[in-house]
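Please treat every number below as a calculation from the coordinates, not as lab data. No experiment lies behind these values; they were computed from the predicted model shown. FYI the Cβ positions are ideal-geometry reconstructions off the backbone, even for glycines, and counts take in every protein chain you see.
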Amino acid sequence: MKFSENQLKVINHKKGPALVLAVPGSGKTTVLLARINNLINNGINPENILAMTFSKTQAKDMEIRYKKIYGDQNIHFSTIHSFAYGIIKKFSNKLSNFKIIESSKEYNKYSIVQQIFLHVRKKYMNDEQLESFFRVSSFLKNTLMDYNEYKKMYSAIFNDFEKVYTIYERFKKDKNLLDFDDILIEALRILQTNKQALDFLQNKFHYVQIDEGQDTSYVQLKIISLVSQKNNNLFIVADDDQSIYGFRGANSKQLLDFPNVYPDAKIFYMENNYRSTQNIIKFSNKLIKNNKQRYLKVIKSNNSEGNNVNIISTKNTKQQIEYIIDKALKKLCLNETVAILYRNNISAISFINYIPDNVDFYIKDSTNAFYSHQIINDIIDIINFSKDQYDLNLFKKIYYKLNLFIKKEFVKQLEFMDESDDVIERLKNVEGINNFFLEKIYLLSYYMDKLSSLNFSDAVIFVLRSMDYYEYVKELSRRTTGSMISYDRIIDTLINISKDIKSVSEFENKVRNLIEKQKNHSINSSNLTLSTIHGSKGLEFDNVFIIDLVDKEFPSSYSESVNEELGILEEERRLFYVGITRAKYNLTLLYPKKLFINEVKNSSFINEIIGN
C-alpha cells in the first residue's frame, strides 16, 4: 500500500510520546496498523504492544484487519474498559467474585434505582429522570467530580439526587456489584495503590497506542498515563474536532493539554481526507473553524469537486420525510449506501413508519423510549377515559392535566359516592361545588362525549387543542428539564404515526409493528442506515441526509444558554461536523419550518456555513 509523506511520518515514529491529529477519512486505522507492524519489524516484541480503542467493535475490527494484512501476532488489542476489567480480575483481592450489574440476570440497575427513588420520594422516576440519573452518575465517575462541583457548573437534575446516588452505590458495594464506570474507578485505584500491579503492566506493555483518543475520559486517560509512564511511549491518534462524548466525561481539552503534559511529545497532522468530495470538505471546514478550543488544521482532498451540498427547507416534518424517502429509494435502486442522520432518536420514528415494508434498513439505536413517554401515555389515558367514564382510577391520573381547576378534595369524595353513576355525574354532586366548577364539569362532559366519537388520530388533536392538554404540556416544560421544542417533537411524531388510526388498540398494534420493523437488520445486510450522529461516528456513506436541523434542538437551547467555558455549544458544533463528514459524494441538510403548531427556525449552524 502506498502511503503519503505525512502518513509515513506517523508510521515511522518509534520512541517517545506522540499525538496524531487525524481528520475524518484520513485512513488513520490503516496507518495505526502499519505503525504496529513497523514496530515489530524493528525488533519490538508484539507482546509488549498494547493497542486500545473506544468500542468493542472497533477493537475487534482492528485485530481482524491486522491479522488479515500482516498475519497473526500476539498484540493485545482491547477496549479501555476490557483492559481495566482485566486489571481488576488479576489484581483485586477484595473484588475477586464481583459481578457486572449490566450483565447480571439477578439485578437490573434501572429497577434498583426506581425502587430507591420510590423509597426516598414515594413515587417512581419518569423516563427523563432515570436517563439523567445514569448520565450524570457516569459523568461524575469519568471526571472524578463530586456532585456539588457538578451543580456549580451545570444544574441539579432533581432533588435528592445525592441521596439516591449514595444508596445505589452502597447497594452495589454490599452485593459486590460493579457497573461499567466502576470498573474504571477500581482499575485506577489498583494502579495508584498496588505497586506490584503497576510494575507488572509497565514492564509488560512498553508501547501503548490509543485510537479515538478524543473519546477518552479523564479517568481513562489517567489509567493509560500510569501504564505508559515508565517507558514513555504513549501514542495517541485523535481528532479534537470529533470529540462528541462530553456527557460521558470525554474532554477535548485533554488533547489540547497534551504538549504541556508531555513537553517532548511530537505532534503529527494527517489532514488529507480520502473520503469526501471537495464541496463537502469545504462545507465542513467552514463550520468547524467557528470553534475556538481546537488545534488549527484544515481538511484537504485530492478528490473531485463533486455535487453542491443541498440545504432543503420543508413545510413540516411530514414533507421532510416524503422528500427523503423519495430521494433515498432512488439512490438505493442504484445500489448506493444511504444514511439518514439525526440529533435525537425520536427523529427516526416517523421515517420507520413511512419506509416501505419491502425496503431493508438498519437502525443503530432503539427508539422504544418514545412510546412510553408521559405525553403519549397521558393522551391515551384521556382518550380511554372518554370510552369508559366510570373508571375513577383513570380519572385521577388525568383530571388535573386538563386545565379544569377541579379540586383534589372533590375527587376524593368520588370514592365514597354511588358507583352506578359515572365519574362526571358524581362530580356534579360533590359537596362544596359552585357554579364555576359546575361549568367546568359540564364542559368536561361535553368534551368526553365528543372525544369518544372521534377516531384516534382526530382524538389526539382534540385532546391537545380543544381540551387544553397542550397548556399542561407547556407547564410541564416550565417545571421540568424537558424543553418545549422536545415536547413539540414528541407531539408532532405522534401525529405523524397515528394518521388514519381509528382506535387506541389499533395505535398499540401500530407501535408493536414499528418496534418489530426495527429488528432483524444488520448494517452489513442493508444499504439504508438510520442513526443518531453519535452512532454514525466512524462510518461512511455515499449519500447522507441530516434531518431536523432546527434551532433550539440542534444546537439545543441549553447549549446556547450555559457558560461558553463549558464548551457545550462547541461540542454540538463538533457533532454536526461529524455528521457532515460521514458523506462521500452527496450531502443534504434538511429542516422543517413547523413542529406541531409552532413555526421553527433552521439551526444556527446552517447560518454559520452559508454566511447568514
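Quick notes on this one:
- The range 432-446 versus the range 394-421: alpha-carbon centroid distance in Å: 12
- Per-residue Cβ neighbour counts within 10 Å put MET467, MET270, MET125 in the sequence MET125, MET270, MET467, beginning with the fewest.
- Fraction of beta bridges assigned by DSSP in the chain that are antiparallel (%, nearest 5): 10
- Residues ILE325 and PHE416, FRET efficiency given R0 of 60 Å [Cβ-Cβ distance, rounded to 0.05]: 0.60
- Cross-link partners of LYS428 among lysines (Cα-Cα below 23 Å; sequence separation of 8 or more within a chain): LYS387, LYS396, LYS397, LYS401, LYS407, LYS408, LYS412, LYS440, LYS450
- Between helix 278-288 and the chain: long-axis angle, C-alpha atoms, 0 to 90°, nearest 10: 70
- The range 575-590 and the range 30-105 have Cα centres lying 31 Å from one another.
- Cα shape, the range 374-498, gyration tensor, a/c 1.5 rule: prolate
- Calculated FRET value between LYS175 and ASP61, using beta carbons and R₀ = 25 Å, to 0.05: 0.10
- Taking 0.36 nm per residue of separation and subtracting the Cα-Cα distance, full extension of the segment from ASN316 to PHE436 would add 39.2 nm.
- With Cα atoms, 0 to 90° folded angle of helix 374-387 axis to the chain main axis: 30
- Which of ARG248, ARG465 has the fewest Cβ neighbours within 10 Å, and the rest in rising order: ARG465, ARG248
- Label-to-label distance for GLU599 and GLU425 is 4.9 nm, based on points extended 7 Å past Cα in the beta-carbon direction.
- Diffusion coefficient, µm² s⁻¹, Stokes-Einstein with Kirkwood Rh over alpha-carbon pairs of the chain at 20 °C and 1.002 mPa s: 79
- When the range 99-175 is reduced to its Cα atoms, the Kirkwood hydrodynamic radius in Å: 13.1
- You can think of it this way: the chain between LEU443 and LYS15 has 146.1 nm of extra reach, that is 0.36 nm per residue less the Cα-Cα gap.
- The simple Förster model, with R0 at 25 Å and r as the Cβ-Cβ distance, assigns ILE100 and LEU539 a FRET efficiency of 0.35.
- With a threshold of 19 Å on the Cα-Cα distance, the over-threshold entries among LYS152/LYS292; LYS99/LYS537; LYS89/LYS204; LYS28/LYS584 are LYS152/LYS292; LYS99/LYS537.
- A simple packing score, the average count of other Cβ atoms within 10 Å per residue, orders the peptides 37-48, 212-223 as 212-223, 37-48, with the highest score first.
- Distance between the pseudo-spin-label points of LYS90 and GLN192 (7 Å out from Cα toward the beta carbon): 2.1 nm.
- Taking 0.36 nm per residue of sequence separation and removing the Cα-Cα distance, the ASP72/LYS387 pair yields an extension gain of 106.7 nm.
- Inter-site label distance for GLN115 and ASN308 at 7 Å from Cα along Cβ, in nm: 6.2
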